[in-house]
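The values are calculated or read from the model by the stated rules, or taken from the named source; none is laboratory data. These figures come from a predicted structure and were not determined experimentally. As a convention, Cβ positions derive from the backbone with ideal geometry for all residues, glycine included, and neighbour counts pool all protein chains shown. The accessibility values were calculated without ligands, DNA or RNA, using every heavy atom of the protein model including side chains. Shrake-Rupley method; radii C 1.70, N 1.55, O 1.52, S 1.80 Å.
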Amino acid sequence: MCIQHQLNEIINILQGNNLSNIIALISALIALGALIFSIVTNVKSNKRYIDSLKPLLSFEFYQINGELILAVKNTGMSEATKIKIKIKKMKNNGDNNRLMLDDLFKNEFMLYPTEEVQGIVGFYGETIDKPVFPTLDIEISYIEGNDNKSISYSRTISFKKNIYGRNQFSKIEDSIESISYSNNRLANYIEGRTLFTFDKLNVLPHNSLYRDMKDAINNVERPEDNIEKDNNTES
């Protein structure tokens, strides 16, 4: 049922002036209002759906081995084409605010959803006596893949001291911690007591694995106080 058809019905009803025609007119107006509301709602829903598919560029600014890296990732739902990242200046990097840009930031590129690229923008200026926290002033432009709309804006990217997964030392630290937990669980199982990984005490054991195995083979039950006396005697 289209709006033109509803309007024609209203015009026909207005030609009469009896009660039935008035009731029919009210019904037609209600139907017309419901039709208009449905059309407006569908248009808004379709616009929200298209907007939800737009690309979204996110940035990470960090350093590896003294090189400052800027990573760009498309976290949206459609591709971004003709991306141009213009890095205007770097600030708060000590005496090393000079830009040394990778070719990535000199040309246009594109990113599909979840795709990420990165490039060098300079060198880390932190020294022992001068901590730094650099920032980048950049201009961004690209074409949205969901509606071919051109987007351009400026923003400032702040430096991140540590990013999980970017530094190999974090993997080594996780491996050492995992080994420590395993050793602690094994010691607790053999010893039969609860020692936490942060416990630095050199606690004397209640018994030894050799004695426990010997007692198990000979079916001997040792009370706790007897074990302590035996340990004191041997010491």
Identity of the residue in the stretch 77-108, of a type outside the set (Ser, Thr, Tyr) and under 23 Å from the mean Cα position of the chain (by Cα), that ends up nearest to Asp129 (Cα to Cα): Ile85
The stretch 32-52: number of residues that are under 22 Å from the mean Cα position of the chain (by Cα) and open to solvent by less than 50 Å² (accessible area, probe 1.4 Å): 0
Among (1) of a type outside the set (D, E, K, R); (2) part of a helix (DSSP H, G or I); (3) closer than 20 Å to Tyr142 by Cα; (4) modelled with pLDDT of 80 or more - the single one Ile50 does not satisfy: (4)
When residues of the stretch 76-102 are limited to those that are open to solvent by 70 Å² or more (accessible area, probe 1.4 Å) and outside any strand (DSSP E or B), the one farthest from Ser141 (Cα to Cα): Asp95
Selection count, the stretch 56-75, where residues are surrounded by 13 or more Cβ atoms within 10 Å (Cβ to Cβ), under 21 Å from Gly125 (Cα atoms) and either in contact with a strand residue (DSSP E or B) (Cβ under 6 Å, 6 or more places away or on another chain) or not β-branched (Val, Ile, Thr) (or both): 10
